[in-house]
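Please treat every number below as a calculation from the coordinates, not as lab data. On a predicted model such as this, the values are computed, not experimentally measured, just so you know. Virtual Cβ from ideal backbone geometry, glycine too; neighbours counted across all protein chains shown.
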Amino acid sequence: MIALLKALHIAALSIWCAGLMLLPVLMHFNGRGEAIRHQEGYALFRRISHFGYTMVITPAAIIAVAAGTALILMMELVSPWLLAKLVAVCGMVLVHAWLGHLIVRSGEGAGDYRMPPPLIALVLGVPLMLTVLWLVLAKPDLTGLTALLPGFLLEPQGRDLPGILTPI
């Protein structure tokens, strides 16, 4: 079962990462050119970017995160490298959301929206992806980094949760 979940996680993560690298390139070269000034080019750009984001990249991201969460729970993983990996994955999620924002804005702008350079997503996303890969393969001992954290983050506080966070 764990091997099947790992395979699913790796496959979905591969599709998600490929999409996070391909979509900014597609948006940069097709979403800023002369072709989108005409209705046919604009409609093609919108169809490709919207379909790729909603039907391929986002489902792959959801499957990758769900399978990864299931692996963490099934294998009862608790280590500093895993926390660092989850922080890098959160960064990938933010890049993913920003690309979705650009796609929505390009559709709402009716041709007059000045899209920021989508290649910024590559500059942010690729180092995050490489960090995740390194952390998973190397599993470095990051316990020394906990000494840099303030003491109140490392020990229980003995307080109850605020009322707003208490379940019904």
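Kirkwood hydrodynamic radius for the chain: how many Å is it when counted over pairs of different Cα atoms?
Numbers: mean 1/r = 0.0542 Å⁻¹.
Kirkwood hydrodynamic radius for the chain: 18.4 Å.
Under 10 Å, Cα contacts only: if you run a Gaussian network model on the chain, which one of Pro156, Pro118, Pro140 comes out with the highest mean-square fluctuation?
Ranking Pro156, Pro118, Pro140 by mean-square fluctuation puts Pro156 first.
If you count, for each residue, the other Cβ atoms within 10 Å and average over each peptide, how do 142-151, 124-133, 76-85 line up from highest to lowest?
Details: 142-151: 9.0, 124-133: 16.8, 76-85: 14.1.
Sorting 142-151, 124-133, 76-85 by mean packing, highest first, produces 124-133, 76-85, 142-151.
Using θ = phi - 60° and the Karplus form 6.51 cos²θ - 1.76 cosθ + 1.60, what ³J(HN,Hα) does each residue of segment 62-71 get, whole Hz, x for Gly and Pro?
With the stated coefficients, segment 62-71 comes to 5, 5, 4, 5, 5, 5, x, 4, 4, 5 Hz.
With a point put 7 Å past each Cα toward its Cβ, work out how far Thr146 is from Leu73 in nm, to one decimal.
Reported label-point gap for Thr146 and Leu73 is 2.4 nm.
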